[in-house]
Amino acid sequence: MGIGVRCMMMRGGSSKGAYFLAQDLPANASERDDLLRRIMGSPDLRQIDGIGGAHPLTSKVAIVDRCPDDRADVAYLFLQVGVDSDQVSDRQNCGNLLAGVAPFAVERGLVDTDPGARELTVRILMRNTDTVAVARILLRDGAPVYDGETAISGVPGTAAAVQLDFEDLGGGSCGQMLPTGKAVDTIESVDCTLIDNGMPVVVMRAADLGVSGTESCSVLETNSELRTKLEAIRIQAGQMMNLGDVSDTTVPKLTMVSPAVDGGHINTRTFIPHRCHEAIGVLGAVSVATAALLPGSSAESSMTDPAGNTVRLEHPTGFFDASVEVAATPDGGIEISRAGIVRTARKLMDGLVFPRAKD
Ligand code: NQM
């Protein structure tokens, strides 16, 4: 009672979360999860007695420590804390909170900085998928620079860019980038591309689900016929994607695509999986961009060819650029050599957080 836990609140991309050093949390996972629920104020729709923001995008936790092997400098575990549920899940990764990991690691002294250096590269092992991301951040006097000129959709104003490049994202959760080995499968009479290039996503044409794909999130969230159909597809897709019973998990995500309407290459509306995302998740966007470039996928016909390898995905509050380097394989498929995106992150608060007492 009354003992504070060291915590930094950061905006990472278009999400917000509580960042902890692993050593500041219990090593036992069920004790840790119980503590995190009491810190975030879950389960409660308003998370009124904790620091969670009453939405999946603001009920997130990043746990960071030194990487135990030479694959990376630091290791990052993402936990999604249920808002009105008891769940604390490591079943998905989060590319938005990932944007705050390198600055957090510098702030907490996990990586050394040279006082004269203007830039720092940090290799991050993403524990949820056992894959590596490379973050490039700006430094001043050995500390992370947060101010800058980079704007990202869904976040007011501008901040310093965090460049994130990914190695070997494919199949991190599902075993293979195309878990069924096919570019398209039919579920509930809907063409679905089941893909995992960083995030398991079911990609479908909006028109096949009876919507235009340009509707607002609130319109889509109140379309109960659509929601029922999407959930039926998701449950079957989960089995086909080697994820098992997904009725209680936040993956796979569901993205409906349609032709771009605002100068991008493809338009998207994403359910994560029960709330509609006001933008699109980072790794979700990499998976959808990959599907859009995949010959024969459900997204192919909605896609305008990008001139280079950057796919501009339109979403409800703007756009998201995902660079995906693809090469054709002899069997007509594609191979991904690299994926990269730009985010921003900002330190919001550093101090002690006081958890609710145990029940
Ligand atoms: O896809 C939302 C977000 C995310 C996850 C979600 C994310 C990602 O916007 O990498 O960033 O899909 O639950 O933070």
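For the reader, a short list of remarks on this structure follows.
- Pair list, Cβ < 7 Å and 6+ apart or interchain, from the stretch 257-270 residues that are assigned by TED's automatic domain parsing to the domain that holds Val311 to residues that are open to solvent by 30 Å² or more (accessible area, probe 1.4 Å) and within 16 Å of the ligand (Cβ to nearest atom): Gly264/Phe319; Arg269/Pro316
- Being in a loop (DSSP other than H, G, I, E, B) and on the phi < 0 side of the Ramachandran plot holds for only one residue in Ile137, Ile152, and it is Ile152.
- Residue count, the stretch 57-101 (criterion: away from the ligand (no atom under 16 Å from the Cβ), of a type in the set (Gly, Ala, Ser) and in a loop (DSSP other than H, G, I, E, B)): 1
- Taking the conditions (1) within 27 Å of Ser14 (Cα to Cα); (2) charged (D, E, K, R); (3) within 22 Å of the chain's Cα centre (by Cα) in turn, Glu335 satisfies each one other than (1).
- Out of Thr310, Thr304, Thr290, sole residue that is within 16 Å of the ligand (Cβ to nearest atom) and either in the same structural domain as Arg227 (by TED's automatic domain parsing) or free of Cβ contacts under 8 Å to residues at least 24 places away in the same chain (or both): Thr290
- Segments classed as strands (runs of 3 or more DSSP E), wholly inside the stretch 170-230, with at least 2 members that are in contact with a Cys (Cβ under 6 Å, 6 or more places away or on another chain), in contact (Cβ under 8 Å) with a residue 24 or more places away in the chain and open to solvent by less than 20 Å² (accessible area, probe 1.4 Å): 200-205
- Residues being open to solvent by 50 Å² or more (accessible area, probe 1.4 Å) and either in a loop (DSSP other than H, G, I, E, B) or under 15 Å from Ser297 (Cβ atoms) (or both) - total across the stretch 311-331: 5
The values are calculated or read from the model by the stated rules, or taken from the named source; none is laboratory data. Remember, it's a predicted structure, so these values are computed and weren't measured experimentally. Cβ atoms come from the backbone with ideal geometry, glycine included; neighbour counts cover every protein chain shown. Please note that ligands, DNA and RNA were not included when accessible areas were found on the heavy atoms of the full protein model with its side chains. Shrake-Rupley method; radii C 1.70, N 1.55, O 1.52, S 1.80 Å.
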